[in-house]
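Participant: The structure follows.
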Amino acid sequence: MLRFFLTKLAGLIPTFFGVTLLTFAMIRLIPGDPIEILAGERGITPERHAALMKQYGFDRPLLEQYVFYIGGVLEGDLGKSLVTKKPVLGEFLQLFPATIELAFCAIVFALVIGLPVGIFAGVNRGRPADHTVMALSLTGFSMPIFWWGLLLIILFSVNLGWTPVSGRLDFAYFIDPITNFMLIDTLLSDEQGAFLDALHHLVLPAIVLGTIPLAVIARMTRSSMLEVLSEDYIRTARAKGLSPLRVVGLHALRNALIPVVTVIGLQVGTLLAGAILTETIFSWPGIGKWLVDSISRRDYPSVQGGVLLVALVIMTVNLIVDLLYGLINPRIRHAR
Amino acid sequence: MPADPTTVAVAEPGSVPASGPAPLHPAKELWFSFCENKGALAGLVVIVIVSLLAIFADLVSPHPPLQQYRDAFLTPPMWVEGGRAEFLLGTDDVGRDIFSRLIHGARYSLLIGCIVITLSLSSGVLLGLSAGYFRGVVEELIMRLMDVMLSIPSLLLAIVIVAILGPGLLNAVVAVAVTYLPHFTRIMRAAVIGEMTKEYVTASRVAGAGRLRLMFATVLPNCMAPLIVLATLSFSSAILDAAALGFLGLGAQPPTPEWGTMLAKAREFVQSAWWVVTFPGLAVLITVLAFNLAGDGLRDALDPRLKR
């Protein structure tokens, strides 16, 4: 297992350098030289410009600059935001819990509905129920989620008044940020009703963000279920006279879930990309909205650092998924 | 892809010996297999309708897409109280006919899909073919680069590229095309590696075929099936992603009647004018769904083994 882990980890090293190279190149590919970009809209004197070029090391050879950049990245120095003047890493870490909270609830929503629905469709293959599930999941898969979010806001927030339109918590509550996970912070605080309010704020964004993963999980569970149900050992289990519930729930489900785990891992990228749109619609203060705002404010160090960190998160999650996959399925672990 | 059996059936007359029932022409077989899937057929019908609307947009749409009617700001759809018969789906905040804008928007969406697929398909084929044919260092370099691109969510990568190039429809299209490149390259490489071990390739090599001939004339045509499927399915994602960029203000710029761009300002009207929000998104959903249905059907028809 350790060997499997180390092989997977080593495979990430070229990707890590590739990603840093990409973010390093990004800020240099934007028209105009980096100091003008760092200085932002306001002008700058030629002397100051030359001094800053020297200070940031932009007058050195590119290779040297890259080595310098990598050194900074490895030490956790991703530069400072042009707008807030705070370190990018700190900003990211402060906002990331909001995105994790949203993404976690979205994937829970997707699993709670997607798994049973997928199993149901697989067991009832070819029947109207199966066709309905497949049609709905393809619709969900084709959904422009920024529009889906607006529709749900019109229906639930504007017409029915059930949920708030934006944000994470009502202004009436004041919560000390301890973990930056609103659900946990509100539970820890003494404010009455704050937890329920936070939950209210979370419902719509989580549904919107979870829609595409839900469709993917339902489809994947169904097809994986179909594959397993045609195996010989399932026929044996049926022939032994086991109840259908036992055959499906115990024998089939275990093996059917293996590919689903991978698919869930792959959804992390979808979730983070979807978070960009979902957070923009619901004014959710996470990294997705932060990245979009940073781009529109031309805050390039934030964009540069944010992209690198998002890529690192995805690489880490993919590594964990690979490991989990190896744990569940020994055939993968021992394959050379 | 119009249903025209005569053009597919009459292929190379005289080449089929007249004895016994001639096997179906592959294209015809594909068509029959595709038609078995009702959903795919429905998708194809929608695609044809949307394409026709896009081509004849100037003739079909009741109003010019940019024409502002000063007396008709935010008019509701005609069947709602206060609606006017001349504005079928209502008007937006500056009095433009939404129906006409949607019809013209079909042009942008279909064009975006076509350009994205052309760009990423052609470069993906080149890269994947080189990786699968040469192997070794070339393969490592290309595939590692693709790994890097895949470790950034496609929408985020597209946003970064647009940030570098500047907002605009063309730059958004290029950005989306770049993000799809890894998928095409990977599929192409896998298909090429699979084909390279087959005997017909060896035979062709022994017969003295040159490198370029082997790559493009011998191997490439046999790798097309998975590429065609991926292209159809990516077409729908391209429309979605370009619309998302438009929504974020990074794609087509106002007053372009691009569907995503039309939604960018619609957020202000969720409280007051639902029709401004509803219809552009519905247009995206229907078009994307149609391409996904047709893509699924095409995959099943091209590769019966995948059929369930």
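The values are calculated or read from the model by the stated rules, or taken from the named source; none is laboratory data. Fair warning: this is a prediction, and the values are worked out from it, not measured in the lab. We place every Cβ from the backbone using ideal geometry, glycine too, and count neighbours over all the protein chains shown.
Participant: Within the range A:66-91, how many residues turn out to be at negative phi and touching a residue at least 40 places away in the same chain (Cβ under 8 Å)?
Facilitator: As a first pass, look at the range A:66-91 and keep what is at negative phi: A:66-75, A:77-78, A:80-84, A:86-91.
From the residues that got through so far, the ones that are touching a residue at least 40 places away in the same chain (Cβ under 8 Å) too are A:66, A:69-70, A:73, A:78, A:80-83, A:88-89, A:91.
Residues that pass the stated criteria total 12.
Participant: State all residues of the range B:35-71 that are part of a loop (DSSP other than H, G, I, E, B), more than 21 Å from B:Leu111 (Cβ to Cβ) and either touching a residue at least 60 places away in the same chain (Cβ under 8 Å) or of a type in the set (Asp, Glu) (or both); if no residue qualifies, say none.
Facilitator: B:Glu36, B:Asn37, B:Asp71
Participant: Can you name the residue in the range A:134-152 that is more than 7 Å from every other protein chain (Cβ to nearest Cβ) and under 14 Å from A:Leu209 (Cβ atoms) and is also nearest to the chain's Cα centre (by Cα) among such residues?
Facilitator: Among those that are more than 7 Å from every other protein chain (Cβ to nearest Cβ) and under 14 Å from A:Leu209 (Cβ atoms), it is A:Ile145.
Participant: Just name the residue that is surrounded by the fewest Cβ atoms within 10 Å (Cβ to Cβ) out of those in the range B:79-88 that are touching an Asp or Glu at 6+ places or on another chain (Cβ under 9 Å) and closer than 15 Å to B:Val276 by Cβ.
Facilitator: Taking the range B:79-88 as the starting set, the residues that turn out to be touching an Asp or Glu at 6+ places or on another chain (Cβ under 9 Å) are B:86-88.
Going one step further and asking which of them are closer than 15 Å to B:Val276 by Cβ, we end up with B:87-88.
Details: B:Phe87: 23, B:Leu88: 18.
Per the stated criteria, the residue is B:Leu88.
Participant: Which of (1) within 21 Å of A:Lys289 (Cα to Cα); (2) assigned to a helix (DSSP H, G or I) is the odd one out, the single condition A:Ile234 does not satisfy?
Facilitator: The failed condition is (1).
Participant: Checking the conditions here, which among B:Ile98, B:Ile47, B:Ile55 is under 30 Å from B:Cys223 (Cα atoms), surrounded by 13 or more Cβ atoms within 10 Å (Cβ to Cβ) and not hydroxyl-bearing (Ser, Thr, Tyr)? Quick ask: steps written out before the conclusion?
Facilitator: On the way: B:Ile98 fails: under 30 Å from B:Cys223 (Cα atoms); B:Ile55 fails: under 30 Å from B:Cys223 (Cα atoms).
Of B:Ile98, B:Ile47, B:Ile55, the one residue that is under 30 Å from B:Cys223 (Cα atoms), surrounded by 13 or more Cβ atoms within 10 Å (Cβ to Cβ) and not hydroxyl-bearing (Ser, Thr, Tyr) is B:Ile47.
Participant: Within the range A:268-283, count every residue that is surrounded by fewer than 24 Cβ atoms within 10 Å (Cβ to Cβ) and on the phi < 0 side of the Ramachandran plot. Write out each step before concluding.
Facilitator: Step one: filter the range A:268-283 for residues surrounded by fewer than 24 Cβ atoms within 10 Å (Cβ to Cβ), giving A:268-270, A:280, A:283.
Still in the list and also on the phi < 0 side of the Ramachandran plot: A:268-270, A:280.
So the answer is 4.
Participant: Let me ask something else. Can you tell me which residue among A:Ser230, A:Ser296 is closer than 30 Å to B:Phe269 by Cα, within 14 Å of chain B (Cβ to nearest Cβ), surrounded by fewer than 24 Cβ atoms within 10 Å (Cβ to Cβ) and not charged (D, E, K, R)? Walk me through it before giving the result.
Facilitator: On the way: A:Ser230 fails: closer than 30 Å to B:Phe269 by Cα.
Just one listed residue meets the conditions, A:Ser296.
Participant: Within the range A:1-119, considering only helices (runs of 4 or more DSSP H) that don't extend past its boundaries, which have at least 1 residues that are acidic (Asp, Glu)? Reasoning before the result, please.
Facilitator: Values: elements: A:2-29, A:34-39, A:46-56, A:62-74.
Once the helices (runs of 4 or more DSSP H) in the range A:1-119 are filtered for at least 1 residues that are acidic (Asp, Glu), what remains is A:34-39, A:46-56, A:62-74.
Participant: Which residue out of A:Val123, A:Val203 is crowded, with 17+ Cβ neighbours inside 10 Å and either among the aliphatic types (A, V, I, L, M) or touching a Phe, Trp or Tyr at 6+ places or on another chain (Cβ under 9 Å) (or both)? Steps first, please.
Facilitator: Values: A:Val203 fails: crowded, with 17+ Cβ neighbours inside 10 Å.
Within the list A:Val123, A:Val203, the selection yields A:Val123.
Participant: If we keep just the residues of the range B:149-170 that are outside any helix (DSSP H, G or I) and not hydrophobic (A, V, I, L, M, F, W, C), which is farthest from the other protein chains (Cβ to nearest Cβ)? Before the answer, list the steps.
Facilitator: Step one: list which residues in the range B:149-170 are outside any helix (DSSP H, G or I), which gives B:151-153, B:166-168.
Filter once more, keeping what is not hydrophobic (A, V, I, L, M, F, W, C): B:151, B:153, B:166-168.
On the way: B:Ser151: 5, B:Pro153: 4, B:Gly166: 8, B:Pro167: 9, B:Gly168: 14 Å.
Residue satisfying both the conditions and the ranking: B:Gly168.
Participant: Does the range B:194-250 hold any residues that are free of Cβ contacts under 8 Å to residues at least 40 places away in the same chain, closer than 24 Å to B:Asp296 by Cβ and of a type in the set (A, V, I, L, M), and which are they?
Facilitator: Residue satisfying the conditions is B:Met224 alone.
Participant: Can you find a residue that is within 14 Å of chain B (Cβ to nearest Cβ) and more than 30 Å from B:Thr278 (Cα to Cα) anywhere in the range A:171-191? Spell out the reasoning first.
Facilitator: The first filter runs over the range A:171-191 and keeps only residues within 14 Å of chain B (Cβ to nearest Cβ), leaving none.
No - not one qualifying residue is present in the range A:171-191.
Participant: Can you tell which of B:Leu293, B:Leu240 is facing chain A (nearest Cβ under 10 Å), in contact with a Gly (Cβ under 6 Å, 6 or more places away or on another chain) and either crowded, with 17+ Cβ neighbours inside 10 Å or at negative phi (or both)?
Facilitator: On the way: B:Leu240 fails: in contact with a Gly (Cβ under 6 Å, 6 or more places away or on another chain).
It is B:Leu293.
Participant: Here is a further query. Hey, can you tell me all the residues within the range B:94-120 that are closer than 18 Å to B:Ala252 by Cβ and either outside any helix (DSSP H, G or I) or touching a Lys or Arg at 6+ places or on another chain (Cβ under 8 Å) (or both)?
Facilitator: Within the range B:94-120, B:Val94, B:Arg96 meet the criteria.
Participant: Looking at the range B:240-287 only, could you name the residues that are of a type in the set (Ser, Thr, Tyr) and farther than 24 Å from B:Val174 by Cβ?
Facilitator: First, the residues of the range B:240-287 that are of a type in the set (Ser, Thr, Tyr): B:256, B:261, B:272, B:278, B:287.
Hits for the range B:240-287 are B:Ser272, B:Thr278.
Participant: I'd like to check something: does the range A:36-43 contain any residue that is modelled with pLDDT of 85 or more, surrounded by fewer than 17 Cβ atoms within 10 Å (Cβ to Cβ) and on the phi < 0 side of the Ramachandran plot? Explain how you work it out, then say what you get.
Facilitator: Quick first cut of the range A:36-43, residues modelled with pLDDT of 85 or more only: none.
No - not one qualifying residue is present in the range A:36-43.
Participant: Of the residues that make up the range A:264-278, is at least one in a loop (DSSP other than H, G, I, E, B), touching a helix residue (DSSP H, G or I) at 6+ places or on another chain (Cβ under 8 Å) and within 11 Å of another protein chain (Cβ to nearest Cβ)?
Facilitator: Keep residues of the range A:264-278 that are in a loop (DSSP other than H, G, I, E, B), which gives none.
Scanning the range A:264-278 turns up no residue that is in a loop (DSSP other than H, G, I, E, B), touching a helix residue (DSSP H, G or I) at 6+ places or on another chain (Cβ under 8 Å) and within 11 Å of another protein chain (Cβ to nearest Cβ).
Participant: Check the range B:139-148 and report whether any residue there is within 13 Å of chain A (Cβ to nearest Cβ), assigned to a loop (DSSP other than H, G, I, E, B) and without any contact (Cβ under 8 Å) to a residue 40 or more places away in the chain.
Facilitator: Within the range B:139-148, not a single residue is within 13 Å of chain A (Cβ to nearest Cβ), assigned to a loop (DSSP other than H, G, I, E, B) and without any contact (Cβ under 8 Å) to a residue 40 or more places away in the chain.
Participant: With the condition kept exactly as written, say whether any residue in the range A:154-172 is in contact (Cβ under 8 Å) with a residue 40 or more places away in the chain and within 22 Å of A:Gly269 (Cα to Cα). First the steps, then the outcome.
Facilitator: Taking the range A:154-172 as the starting set, the residues that turn out to be in contact (Cβ under 8 Å) with a residue 40 or more places away in the chain are A:156-157, A:163, A:165-168.
Now drop any that are not within 22 Å of A:Gly269 (Cα to Cα), which leaves none.
Looking through the range A:154-172, none of the residues is in contact (Cβ under 8 Å) with a residue 40 or more places away in the chain and within 22 Å of A:Gly269 (Cα to Cα).
Participant: Same structure again: Which one of these is surrounded by fewer than 19 Cβ atoms within 10 Å (Cβ to Cβ) and within 12 Å of chain A (Cβ to nearest Cβ): B:Leu214, B:Leu245, B:Leu282?
Facilitator: Checking each option against the conditions leaves just B:Leu282.
Participant: I'd like to verify a number: residues in the range B:258-279 that are among the β-branched types (Val, Ile, Thr) and either surrounded by fewer than 21 Cβ atoms within 10 Å (Cβ to Cβ) or within 8 Å of another protein chain (Cβ to nearest Cβ) (or both), how many?
Facilitator: Kept after step one, since they are among the β-branched types (Val, Ile, Thr), are these residues of the range B:258-279: B:261, B:270, B:276-278.
Next, from what is left, pick out any that are either surrounded by fewer than 21 Cβ atoms within 10 Å (Cβ to Cβ) or within 8 Å of another protein chain (Cβ to nearest Cβ) (or both): B:270, B:277-278.
Qualifying residue count, the range B:258-279: 3.
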